[in-house]
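A short worksheet on the structure shown next.
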Amino acid sequence: MERNIQLNWQGVVQEAVRRRKEQKLTQEQLAVLAGVSKPTLNGFEQGKTNIRLDNALKILGMLGLSEQ
C-alpha cells in the first residue's frame, strides 16, 4: 500500500529558525550542538531540500522539533 505524505518543509524550516533565534543561538553554535557543518545548517535554513535526512533530524532534534 502506497501512502502520500505531505510535508510543509518551508514551515518546518521557519519554525526551526524561529526557535534558534528564540534560544539566542548562532548558526555556528547550533551546528556544533547538532553535530553538522555550518554550511549544512545554512543550507537547511535556506530551505534547500537536498539536505540529508539524518542531518535535518539532528538540527530539528536540538531545537525540540523531533525526537533524537
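The values are calculated or read from the model by the stated rules, or taken from the named source; none is laboratory data. This is a predicted model, so every value here is computed, not measured. Here the Cβ is made from the backbone with ideal geometry for all residues, glycine too, and neighbour counts use every protein chain on show. Each accessible area value is taken on the protein alone, full model and side chains, heavy atoms only, with ligands, DNA and RNA left out. Shrake-Rupley method; radii C 1.70, N 1.55, O 1.52, S 1.80 Å.
Of the trypsin sites (Lys or Arg not before Pro) found in segment 2-63, those that fall in a DSSP loop while having at most 16 other beta-carbon atoms within 10 Å are 3, 24, 48, 52.
With r as the distance between the Cβ atoms of residue 10 and residue 67 and R0 = 25 Å, compute the FRET efficiency 1/(1 + (r/R0)^6) and round to 0.05.
Working: r = 22 Å, r/R0 = 0.88.
Efficiency for this residue pair is about 0.70.
Residues in the chain average 74 Å² of solvent-accessible surface per residue, probe 1.4 Å, ligands and nucleic acids excluded. Using C-alpha pairs below 8 Å separated by at least 6 residues, the relative contact order for the chain is 31 percent. Principal-axis analysis of the Cα atoms of the chain puts helix 9-22 at an angle of about 20° to the longest axis.
Helix 53-62 sits at what angle to the longest principal axis of the chain, using alpha carbons and giving 0 to 90 degrees rounded to 10? Its long axis makes an angle of about 50 degrees. Per the 1.4 Å probe, what fraction of the accessible area of the chain, in percent, lies on carbon and sulfur atoms? After summing per-atom areas, the C and S share lands at 49 percent.
Here segment 47-68 is scanned for amide nitrogen atoms under 17 Å from the site 7 Å beyond the Cα of residue 32 along Cα-to-Cβ, giving 59, 62-63. Note on the chain: helix-only mean residue ellipticity at 222 nm, from DSSP H runs of 4+ residues weighted -39500 (n - 2.57) and normalised by residue number, equals -17500 deg cm²/dmol. Loop-located GluC sites (Glu not before Pro) across the chain with a Cβ neighbour count of 11 or fewer within 10 Å are 2, 67, with loop assigned by DSSP.
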